[in-house]
Amino acid sequence: MAVDNSNSIHARSPPGVYEALQESVIGIAGCGGLGSNIAVMLARSGAGKLVIADFDRVEMSNLNRQQYFLDDIGKPKTEALEAILRRIVSDIEIEAHQVVLNEDNIPAIFAGCDIVCEAFDSAESKTMLLNTVMENLPNKPIICGNGMGGTSDPSQMAVRKVAGNVYVCGDGKSGMELGICAPRVTICAGLMANKAIQILQGRDEDV
């Protein structure tokens, strides 16, 4: 007898997405504009476990693009994000690290992840994370964001495979000096979350 899942959060998900994500562990380095949006998208899609890491606390200026609320201001981002995720999917497994990520702790924090999503603000931090993962966890796919500032044509944003296990999402040129707000940041986060789902399903195409 067929099971009626019409009331399930995943009733309209594409075939195989929920199953692939339930068995996965996804790391998210940074819980800001990219990271908080990626985490929410993956939780809604069926992620079984997320490993989230950030040192920062929620500020008023974050609310123009990040998944936080007025009553989250002042809270550690990992704490606030975990609470938000559990309001969406109560039984999701979350491993939260309220730390400054660096070359020393990144390998241990993300060792058990199937994929790492880079969600930092600065170019220096992005480069540090990428180099650390490639050196210490060479077989682990890493998805990066680059080029989401301003309000220019979002159709120029795309996913590019730049090395064996490295993917970059964004337009590759629009920096934070142009200002950042929800539309393009969320689009970039969506590209990153979708690429993570593709990889976990065993697909490697960029469409």
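Structure summary
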quantity: Which of Lys140, Lys75, Lys161, Lys195 is most accessible, then next, and so on - probe 1.4 Å; calculated: Lys161, Lys75, Lys140, Lys195
quantity: Extent along principal axes [Cα atoms of the chain; Å; largest to smallest]; calculated: 57, 42, 39
quantity: Length-normalised contact order of the chain in % [C-alpha pairs under 8 Å, at least 6 apart]; calculated: 22 percent
quantity: Average projected area [Cα convex hull, region 5-113], square nanometres; calculated: 7.2 nm²
quantity: Per residue, the convex hull volume that the Cα atoms of region 104-197 enclose (Å³); calculated: 94 Å³
quantity: Leu34 accessible area, assembled protein chains, probe 1.4 Å, Å²; calculated: 10 Å²
quantity: Estimated inter-spin distance, Arg87 and Leu178, nm [label 7 Å along Cα→Cβ]; calculated: 3.1 nm
quantity: Calculated from backbone phi, Karplus (6.51, -1.76, 1.60) coupling profile of region 30-45 in Hz, x at Gly/Pro; calculated: x, 10, x, x, 6, x, 5, 5, 4, 4, 5, 4, 6, 4, 5, 8
quantity: Using θ = phi - 60° and Karplus 6.51 cos²θ - 1.76 cosθ + 1.60, couplings along region 48-62 (whole Hz; Gly, Pro as x); calculated: x, 8, 10, 10, 10, 9, 6, 9, 8, 10, 6, 10, 4, 5, 6
quantity: Distance in nm between pseudo-label sites at Ser8 and Ala163 (7 Å out along the Cβ direction from Cα); calculated: 3.8 nm
quantity: Surface accessible to a 1.4 Å probe, Met148 within the full protein complex, Å²; calculated: 20 Å²
quantity: Environment charge of Ser90, counting only residues whose C-beta is closer than 15 Å and scoring Lys/Arg +1, Asp/Glu -1; calculated: +1
quantity: Beta bridges per DSSP with both ends in region 64-196, % antiparallel, nearest 5; calculated: 40 percent
quantity: Region 169-176 - phi-based ³J(HN,Hα) in whole Hz, Karplus 6.51/-1.76/1.60, Gly and Pro as x; calculated: 10, x, 9, x, 9, 7, x, 5
quantity: Charge dipole magnitude, Cβ of K and R +1, D and E -1 - region 119-195, Cα centre, debye nearest 20; calculated: 280 debye
quantity: For Lys140, distant residues with modelled amide H under 5 Å away; calculated: none
quantity: List Arg87, Arg57, ordered by accessible area with a 1.4 Å probe, largest first; calculated: Arg87, Arg57
quantity: Inter-part distance where region 1-77 and region 168-207 are each reduced to a Cα centre, Å; calculated: 15 Å
quantity: Computed [θ] at 222 nm, helices only, for the chain once each DSSP H run of length n ≥ 4 contributes -39500 (n - 2.57); calculated: -10000 deg cm²/dmol
quantity: Quotient of C-alpha Rg and 2.2 N^0.38 Å, computed over region 56-104; calculated: 1.22
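The values are calculated or read from the model by the stated rules, or taken from the named source; none is laboratory data. All values derive from a computational prediction rather than experimental measurement. Don't worry about glycine lacking a Cβ; one is built from the backbone with ideal geometry, like all the others, and counts go over all protein chains shown. What goes into the accessible areas is simple: the full protein's heavy atoms, side chains included, and nothing from ligands, DNA or RNA. Shrake-Rupley method; radii C 1.70, N 1.55, O 1.52, S 1.80 Å.
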